[in-house]
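The values are calculated or read from the model by the stated rules, or taken from the named source; none is laboratory data. Since the structure is predicted, the reported quantities are computational estimates derived from the model, not experimental observations. Please note: Cβ atoms are built from the backbone with ideal geometry, for glycine as well, and neighbour counts cover all protein chains shown.
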Amino acid sequence: MSDEQLFNHAIYLHREGRRNEALETLLDLSRRNPDNGYIWGTLGMVWSSVGKIPQAVEAFEKAVRLDPTTEIWRQELGYILIQEGKFTEVEKYCNGSSFSSKLMRAKLWEVQGEDEQALEILEGVIDDPPSGVYDGRALPIEAHLAKAKCIYARCARRRGKSLDGLKMLARPNVIPSTPQHLVQDSLTDNLEVLYEKGYCYDALGEYDAAWSCFLAANQLQNSSFEPEVYKGRIRRGIESPRSHQGTRGGSNLIFIVGIPRSGTSLVEQILSRHPQVTPMGERTEIAFISHELDAKGWPDLEPSQIDDYADSYLENCPEGVMTDKMPDNWYNVGLIRQMFPEAKVVHCIRDPQDCLVSCFMQMFGHSGMGWSNSLEGLQTYFNLWKESEVGGLEVHYEELVSRPEEAIRALLEDLDLPYDERCLSPEGSGRHVATASYAQVKEPIHQRSIGRGAHYERHLKIVS
């Protein structure tokens, strides 16, 4: 095939969920065409979809440099930098007068909780969008109008005006110059719109309508989740032989694990307020080591091999106590304890119905969460977690938010940290959390999410 055909084939593979094959094809094309910004930009899109953020940033930066007239690369790079909390770096990509620059500025305000400023920008952008085809390529403006509407609805919902959000989301993504053959697609809700509609209906107490939106959104993601394959991989890691331990200790490491949406971000934010603790967010090193060992058949590692892996993890670690909050590491706890025998594991536990309903309602945005897109996947994931022996210092979400001072005092004592009252106000950290919980952790500790799953029990009942 020609390079153009290979490029189109990579796009097809990505749309079919065959992301690794798409990556291989695009990487090969980028080596042969190092000055083609469109290839680098598309590669950034695929890297981003599989959660490889540093690689995505590097690819988008090359695309912006090589293809400066294609504004979508600038926009996607800006959104990733916003997600990573690198707000000052975003400014050079959103200081223009274009539609995408204004949209990026609105997003920048939104993630910082400055809803009024975001709405002020969006009202002008949505009411007076640019005409024609976006940035001179075959990418109509409609997709960006959808994003603008979602940011508007999110800000309105957080201000207690979910009905205004729904009204905005109901507006079609159509401008006068839209070609007729694109109108039908423009009237179809995209993934982000479906999720935001669900959140607005949920806030209004319209739970059946909300569920319909979340169900449609999860079905639209077309995740290729294979329960038996997934169970096999997780169980291989949990049951692998571990005759030896490493020598690196790791007494300064705190691993925060648990089912996603179980309070891991809240615990991380609480600990981030402690003057002796450095929060490192969701580090992916343990997952990469786990995947590498799985590909090798999980050999019974010798101490020197274990230390090599430990050293690769420690390479970018700061001095002193640090947290690594990666929820899925609950099934890598055996590996963690092998690498760092003295590390502390904080295991977050929340009512499974609340927890997994929240997962189903969340647009996680990367392929590793395919289990969350179906009822079968949710139950499979829960069963694996329930069968495992995670151990560690258990923090129960309901106790944490109901009796925060008591729970936080106990947690700090277990972690050999002196009590510090600043931990009672995690919203005061000022740090950005690059996860699905970025908005929630800016709020004071509250109990509003307790019992959330009961509203959807008729649609999803986790068998525990």
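Would you check if there is a residue in the range 49-70 being surrounded by 15 or more Cβ atoms within 10 Å (Cβ to Cβ), among the polar types (S, T, N, Q), part of a helix (DSSP H, G or I) and in contact with a Lys or Arg (Cβ under 8 Å, 6 or more places away or on another chain)?
Yes.
Quick grid of which residues meet (1) closer than 24 Å to H291 by Cβ; (2) in contact with a helix residue (DSSP H, G or I) (Cβ under 8 Å, 6 or more places away or on another chain); (3) crowded, with 23+ Cβ neighbours inside 10 Å; (4) among the acidic types (D, E):
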| position | (1), (2), (3), (4) |
| --- | --- |
| W330 | yes, yes, yes, no |
| V333 | yes, no, no, no |
| R337 | yes, no, no, no |
| P341 | yes, no, no, no |
| D354 | no, yes, no, yes |
| S358 | no, yes, no, no |
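Scanning for something in contact with a Phe, Trp or Tyr (Cβ under 8 Å, 6 or more places away or on another chain), among the aliphatic types (A, V, I, L, M) and within 19 Å of R235 (Cβ to Cβ), does the range 336-356 turn up at least one residue?
Scanning the range 336-356 turns up at least one residue that is in contact with a Phe, Trp or Tyr (Cβ under 8 Å, 6 or more places away or on another chain), among the aliphatic types (A, V, I, L, M) and within 19 Å of R235 (Cβ to Cβ).
Among the helices (runs of 4 or more DSSP H) confined wholly to the range 79-186, which include 1 or more residues that are modelled with pLDDT of 90 or more? Before you say what the answer is, go through the steps one by one.
Details: elements: 87-90, 99-111, 115-127, 142-158, 162-170, 180-186.
Filter on the range 79-186 gives 99-111, 115-127, 142-158, 162-170.
Looking only at the range 202-225, filter to residues that are among the aromatic types (F, W, Y) and under 22 Å from the mean Cα position of the chain (by Cα); which one of those is surrounded by the fewest Cβ atoms within 10 Å (Cβ to Cβ)? Write out each step before concluding.
As a first pass, look at the range 202-225 and keep what is among the aromatic types (F, W, Y): 207, 211, 214, 225.
Applying the additional criterion that residues be under 22 Å from the mean Cα position of the chain (by Cα) yields 211, 214, 225.
Values: W211: 21, F214: 24, F225: 19.
Restricting to residues being among the aromatic types (F, W, Y) and under 22 Å from the mean Cα position of the chain (by Cα), the top hit is F225.
Counting only residues that are among the basic types (K, R), assigned to a loop (DSSP other than H, G, I, E, B) and more than 16 Å from S372 (Cα to Cα), which one in the range 433-464 is modelled with the highest pLDDT? Before the answer, list the steps.
Restricting attention to the range 433-464, the residues satisfying the condition of being among the basic types (K, R) are 442, 448, 452, 458, 461.
Keeping just the survivors that are assigned to a loop (DSSP other than H, G, I, E, B) gives 448, 458, 461.
Now restrict to residues that are more than 16 Å from S372 (Cα to Cα): 448, 458.
On the way: R448: 90, R458: 94.
Here the residue is R458.
If I ask for residues that are assigned to a loop (DSSP other than H, G, I, E, B) and polar (S, T, N, Q), which ones from the range 21-48 would you list? Talk me through it step by step, then tell me what you get.
Here is the first cut: in the range 21-48, the ones assigned to a loop (DSSP other than H, G, I, E, B) are 33-36.
Matches in the range 21-48: N33, N36.
Among the residues that make up the range 317-326, is at least one of them farther than 18 Å from V257 by Cα and either in contact with a helix residue (DSSP H, G or I) (Cβ under 8 Å, 6 or more places away or on another chain) or surrounded by 14 or more Cβ atoms within 10 Å (Cβ to Cβ) (or both)?
Yes, because at least one residue in the range 317-326 is farther than 18 Å from V257 by Cα and either in contact with a helix residue (DSSP H, G or I) (Cβ under 8 Å, 6 or more places away or on another chain) or surrounded by 14 or more Cβ atoms within 10 Å (Cβ to Cβ) (or both).
Regarding G237, is this residue among the small types (G, A, S), surrounded by 14 or more Cβ atoms within 10 Å (Cβ to Cβ) and not in a helix (DSSP H, G or I)? Full working, then the answer.
On the way: among the small types (G, A, S): yes; surrounded by 14 or more Cβ atoms within 10 Å (Cβ to Cβ): yes; not in a helix (DSSP H, G or I): no.
No; evaluated as a whole, the condition is false for this residue.
With respect to V257, determine if the residue is under 30 Å from R19 (Cβ atoms) and modelled with pLDDT of 95 or more. Please lay out each step first, then the result.
On the way: under 30 Å from R19 (Cβ atoms): yes; modelled with pLDDT of 95 or more: yes.
Yes: the conditions hold for V257.
Is there a residue being among the small types (G, A, S) and crowded, with 19+ Cβ neighbours inside 10 Å anywhere in the range 297-304?
Step one: list which residues in the range 297-304 are among the small types (G, A, S), which gives 297, 304.
After this cut, where a residue has to be crowded, with 19+ Cβ neighbours inside 10 Å as well, the list is none.
No, every residue in the range 297-304 fails to be among the small types (G, A, S) and crowded, with 19+ Cβ neighbours inside 10 Å.
If Y12 passes every condition in (1) touching a Leu at 6+ places or on another chain (Cβ under 8 Å); (2) at pLDDT below 90; (3) surrounded by fewer than 16 Cβ atoms within 10 Å (Cβ to Cβ) but one, which one does it miss?
(1)
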